[in-house]
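*Asks:* Have a look at the structure that comes next, please.
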Amino acid sequence: MESPYYLTTPIYYANDVPHIGHAYTTIAADAIARYQRLNGRDVFLLTGTDEHGVNIERVAASQGVSAREHVDRIARQFDALWSRLDISYDRFIRTTESAHHRAVLALWQRLQASGDLYRATYAGAYCARCEAYYQPDELDRGLCPVHALACDTVAEQNWFFRLSRYQDALERLVRDTDFVRPTSRRNEVLAVIRDGLRDFSVSRRQVRWGVPVPEGTDEVIYVWVDALANYLTGVGYPDDSATFERYWPADLHLVGKEIIRFHCLYWPALLLSAGLPLPRQVFAHGWLTKDGKKISKTTGNTIDPSALAAEFGSDAVRYYLLRATPFGQDGDYTRAGFLRLYNAELANAFGNLVQRATVLAHRHAGALSAEGAACGPELELCAEAEKLDSRVTAAFETLALHEAVAAVGEFVTAANRYLQVTAPWQLAGTGDARRLGVVLRHTLQAARLAARWYAPIIPRAAAEASRRLGVTRVEVGPPLFPRYSC
Ligand code: MSP
């Protein structure tokens, strides 16, 4: 059986409807998953919703509905968006599932067994939006550093987790391995570790909407411990040990850069304490911004990815998000930038190549089987094709997703140039069927290759292109990407 590849997205808060920032991570994860499947791996892609916590409790109350009704509605909207964007997930997990409760409790019991949980008093700031505790020096002029909102003041006796015990182990993990990527984020995490890690509270007394602690102290388990455990539940922990053993540890947790503390410190420490293997890598990507500000509900600058997909198609949204910004860095969304990329690279480049290849092959079907020898332009195109395979592979393996897209784009440009140079439309007039056959076959081959490597990025158009460029029968269809005026 093929070797497994397990990757995850964060589970998104079910407090509000999804926006393009959520779509960004999920589309990136889906592209990686599709690439790995193309490679023959047995991929498991997990996504889902984070449905507990004080913020969700509050939002539901403010809308006059129960927390349960609220999260059901939001989870449906996330799922509908993923289907709209052609996300090929293997499981959509919800933290309100009973299977997940069992996983959280099993993890909790392991933490207790390790002696890493103890009672203490937490007094300080808590941001309900981040569901995170903040030290005074972490606040930005007294406000949450992520949301610029006032924090709650919490003072309660809780269960604490002995994070400090894992200081050295975490430093070694982050410093000596590829656990955190890219390097800039790794350095950020190292700096936090070197500042000294403090134990943190892992239960909340004033929250009802969560997994109750088994000790009967009238508290629920801290929502981040609950949420992180989804990565275990997703592959069968603790009930289905065959699935768990097959897929765990995860190969990749893909996350946004604002949640590295949880994924790069809390999560490995919890797993070390529980005696479970550590995931191989956490990759933190940057933010999608608008006018330089993080796109978020709190800022009020969200873009609806469903509307964008309804207007331009899911592939156009996927392409823009993966192409416009080097993966790992922040990128500013503009509609003009979206349209520019769409027209230049999808409509005029790839769409045009497929159109020309299919129309020419259809029109001159008789020449397709004419024998002839490859010469200069063909050798050049074949050299480009060879480079393409290794370039795309290297880019995907290092998660340089933008570079993978760019590599295919450059090959498409080379293929269109080849058509300009060889001008098969003129060859047809000269009656040189042999030369025409050579050019048509190479053009079809190049278009097929581009479609193959575009499949993880724009799966819908790539599948349609491959179908039209069929080896036994070529078919002409409407433009894959109709042009839009800017
Ligand atoms: N529920 C937690 C995650 C728990 S994982 C065990 C959470 N949820 S969230 O709804 O706030 O989603 C966070 C993720 O959405 C980010 O980590 C990031 O992947 C994605 N994004 C949300 N807004 C984003 C941008 N503006 N830009 C890019 N990604 C963004 O945190």
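*Asks:* Over region 174-301, with every protein chain in place, what whole percent of the accessible area is carbon and sulfur at 1.4 Å, could you tell me?
*Replies:* 47
*Asks:* Helix 167-176 versus the longest principal axis of the chain: what angle, 0 to 90°, nearest 10, using Cα atoms?
*Replies:* That helix lies at roughly 10 degrees to the long axis.
*Asks:* To the nearest 10 degrees, how steeply does helix 401-422 sit against the main Cα axis of the chain, on a 0 to 90 scale?
*Replies:* Tilt relative to the chain: about 10 degrees.
*Asks:* Cα centroids of region 168-186 and region 202-262: how far apart, whole angstrom?
*Replies:* If you average the Cα positions of each part, the centres end up 22 Å apart.
*Asks:* Mind checking the full-extension length gain between Arg119 and Thr393? Use 0.36 nm per residue of separation minus the Cα-Cα distance, one decimal, nm.
*Replies:* Roughly 93.7 nm would be gained on extension.
*Asks:* Please list, ordered by chain and number, the residues whose modelled amide H lies under 5 Å from the amide H of Val43; skip anything fewer than 5 residues away on the same chain.
*Replies:* Answer set, sorted by chain and number: Tyr5.
*Asks:* Share of region 334-468's accessible area from carbon and sulfur, percent, 1.4 Å?
*Replies:* That fraction is 56 percent.
*Asks:* To the nearest Å, what is the center-to-center distance of region 1-60 and region 290-358, using C-alpha atoms only?
*Replies:* About 20 Å separates the Cα centre of region 1-60 from the one of region 290-358.
*Asks:* Also, I was wondering about something else. With each run of n ≥ 4 DSSP H residues scored as -39500 (n - 2.57), what mean residue ellipticity at 222 nm is computed for the chain after dividing by its residue count and rounding to the nearest 500 deg cm²/dmol?
*Replies:* -14500 deg cm²/dmol
*Asks:* Cα-Cα pairs above 29 Å in the chain: how many percent?
*Replies:* Summing the P(r) tail past 29 Å for the chain gives 54 percent.
*Asks:* Continuing with the same structure: Over the chain, what is the relative contact order in whole percent, taking alpha-carbon pairs under 8 Å and six or more residues apart?
*Replies:* That works out to 16 percent.
*Asks:* Per residue, how much accessible surface does region 334-468 expose to a 1.4 Å probe? Answer in Å², no decimals.
*Replies:* 42
*Asks:* If I stretch the segment between Leu139 and Asp332 completely, what's the gain in nm (0.36 nm per residue apart, minus their alpha carbon distance), one decimal?
*Replies:* 66.9 nm
*Asks:* Would you mind classifying region 278-406 by shape? Square roots of the alpha carbon gyration tensor eigenvalues, ordered a ≥ b ≥ c; an a/c under 1.5 is rounded, otherwise it is prolate if a/b is larger than b/c and oblate if not.
*Replies:* It is oblate, given that a/c is not under 1.5 and a/b is not larger than b/c.
*Asks:* Between Asn187 and Ala99, what length comes free when the chain is fully extended (0.36 nm per residue of separation minus the Cα-Cα distance, one decimal in nm)?
*Replies:* That pair, Asn187 and Ala99, stretches by 28.1 nm at full extension.
The values are calculated or read from the model by the stated rules, or taken from the named source; none is laboratory data. Only a predicted model underlies this, so the values are computations on that prediction, with no experimental measurement involved. For accessibility, only protein heavy atoms count, side chains too; no ligands or nucleic acids. Shrake-Rupley method; radii C 1.70, N 1.55, O 1.52, S 1.80 Å.
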